[in-house]
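Visitor: Can you read through this structure? Questions will come right after.
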Amino acid sequence: MSVKTSDRAFEKTVSRHGVVDSPDPQGRVKSAPRPGEDPYPTRLAEPFDMPWLNRREAVVKGSAEAGPLSQAQLDEFERKGFLFEPGFITGEELDELRRELAALLENPGYRHRDFSITEPSGNEIRSLFAMHFLSERFARLARDERLVGRARQILGGEPYVHQSRINYKPGFEGKGFNWHSDFETWHAEDGMPAMHAVSASIVLTDNHPFNGPLMLIPGSHRVFVPCLGETPDDNHKQSLKTQELGVPSREALAALVERHGIEAPTGAAGGLLLFDCNVLHGSNANMSPDPRSNAFFVYNRRDNGCVAPFAARRRRPGFLAHDPDEAWSPEG
C-alpha cells in the first residue's frame, strides 16, 4: 500500500515533562495528559483532543546477546511491532500439539464454561482461555525456553504468562475480530500499567489469505489510540464474542493504515508470530472450509504486574488475567 501522508506531519514533539504529544493527520500538535495522570487514557466519554499518543516505553528492551533472536530480527520487531518465524515447530512436536488442541476442543467438560467462548451466533468454540492450566502439554510449551527466551529478550526482564488461550476459527463459521490493541484492553480492564508485554502465537493450522489470518498494522505499536465508551461491568462476556468497546476510531485507523499499510503473515502450520502488546491487529471472517487455529501466550514482565484497572470498576476474571505464580483452576 502506498504512503500518502508525509512523515513530517507525524513528527514527534516531547514536552519538558517527558509526555509525548502526537500531531494529528493535518500536522497540528494537541495537548497531552498532564504529569501524574494516566499516560494512556481510554474508554472516554468524549473524544480526546488528539487522535493518539506516542508510547512512552521502549519496544525492544534487551539485546541480541541476551537471547535467541538476532539483531536483524530485533530490528524488524522494533520497526514493525511483530516478527514472523516460519517453521518454528515441525514434525512430531507439531502433530502432538495439534492432537492436544483437538482433545481440548472436544472435551465436553469445557463446554458452557466461562473460560470457553463460543462464536457470536453458534456453538463452535471461538476461544478457550487459560489453556496452559487445562493442559500439561501446553503448560510445558508456555515454559519452553524457546518462547520464554524470546519474551525475556524483547521485554528486557523476566516474563510470566499474563494470559493464554486457543483461538479457533472454524471453516465457514469463524467470525472476525475488530481492530484493536491488546494493551488497550489489558490496561483498561486488567490494570496492566505499561507496555512491557509481548504475545507469542503459534499457528497450528495452515494460514492462508482465505481462512481469516491475523492482520496487523506495522508501526502502529508506537502510538496509543484512546477509545470511546465507558466500560460496563462484565464487559468481557460480550467483548470476547464481538468487541465493540476498545475499538479505535475509523479516522485514526485510516490515518495509520495510510502511513503504514496492513500485513497478514501467512504460511504453514508451526510458524511463530511474536507481536507487541500495542500493535493494532484484527482479522476477517473465515470464508473457506479450512479451520484456523493458534496457541497464544501473553508474556508480561514481572515488574509490570497488574494493579487496579484504569478504566473499569473491577478486574476481569482470573482465567483472562493471571497474576505472577498464580495457580488458576477451572474449578475456581
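Laboratory data are not the source of any read-out in this text; all were calculated from the coordinates shown. Since we're looking at a predicted model, the values are computed, not measured. Using ideal geometry, Cβ is built from the backbone for each residue, glycine included, and neighbour counts are taken over all protein chains shown.
Visitor: With helices defined as uninterrupted DSSP H runs, which ones in the chain have an alpha carbon span along their own long axis of at least 20 Å and mean Kyte-Doolittle hydropathy of at least 1.6?
Guide: Details: long enough: 91-106 (23 Å, -0.49).
What comes out of the filter, once short or polar helices are dropped, is none.
Visitor: Can you work out D for the chain in µm² s⁻¹ from Stokes-Einstein, where Rh is the Kirkwood radius over C-alpha pairs, the temperature is 25 °C and the viscosity is 0.890 mPa s?
Guide: Working: Rh = 20.3 Å.
Stokes-Einstein gives a translational diffusion coefficient of 121 µm²/s.
Visitor: Scan region 233-332 for GluC sites (Glu not before Pro) in coil per DSSP, keeping those whose Cβ has at most 15 other Cβ atoms within 10 Å, and list them by number. Before the final figure, lay out the partial values.
Guide: Details: sites: E244, E251, E258, E263, E326, E331; in loops: E244, E326, E331.
For GluC sites (Glu not before Pro) across region 233-332 that sit outside H, G, I, E and B with at most 15 neighbouring Cβ atoms in 10 Å, the list reads E244, E326, E331.
Visitor: Could you give the length gained on full extension between E145 and V307, defined as 0.36 nm per residue of separation minus the Cα-Cα distance, in nm?
Guide: Additional length available on full extension: 55.6 nm.
Visitor: Given the -39500 (n - 2.57) contribution per DSSP H run of 4+ residues, what per-residue ellipticity at 222 nm results for the chain, rounded to the nearest 500 deg cm²/dmol?
Guide: So the calculated ellipticity at 222 nm is -5500 deg cm²/dmol.
Visitor: So, one more: How many Lys pairs in the chain lie less than 25 angstrom apart by Cα atoms, where the lysines are 8 or more positions apart or on different chains?
Guide: 11
Visitor: Quick one: if you stick a label point 7 Å off each Cα along the C-beta vector at L44 and E173, how many nm between them?
Guide: 4.0
Visitor: Would you please name the trypsin sites (Lys or Arg not before Pro) within region 60-143 that are DSSP coil residues with at most 15 other C-beta atoms within 10 Å of their C-beta?
Guide: Details: sites: K61, R79, K80, R98, R99, R111, R113, R126, R137, R140, R143; in loops: K61, R111, R113.
Loop-located and lightly packed - K61, R111, R113.
Visitor: For a paramagnetic label modelled at 7 Å from the Cα of D325 toward its Cβ, which residues of region 288-302 fall within the zone defined by backbone nitrogen distances under 18 Å?
Guide: It comes to 300-302, nothing else.
Visitor: Report the semi-axes of the equivalent ellipsoid for region 232-317 in whole Å, largest first, where each axis is √(5λ) for an eigenvalue λ of the Cα gyration tensor. Kindly include the intermediate steps, with their values, before the conclusion.
Guide: Details: eigenvalues 131, 73, 57 Å².
One finds semi-axes of 26, 19, 17 Å for region 232-317.
Visitor: How high is the relative contact order of the chain? Use alpha-carbon pairs under 8 Å, at least six apart in sequence, and give a whole percent. Could you put the intermediate results ahead of the total?
Guide: Details: 724 pairs, mean separation 92.8, N = 332.
28 percent.
Visitor: Let me ask something additional. Over all distinct alpha-carbon pairs, what is the Kirkwood Rh of region 49-101 in angstrom? Walk me through the intermediate numbers first.
Guide: Details: mean 1/r = 0.0703 Å⁻¹.
Across region 49-101, the inverse of the average 1/r is 14.2 Å.
Visitor: Something else about it: Give me the net charge of A151's neighbourhood, meaning all other residues with Cβ under 13 Å from the Cβ of A151; Lys, Arg count +1, Asp, Glu -1. List each step's numbers first, then the result.
Guide: Working: positive: K61, R143, R146, R150, R152, R301, R302; negative: D144, E145, E158, D276.
Charge balance in the 13 Å sphere: +3.
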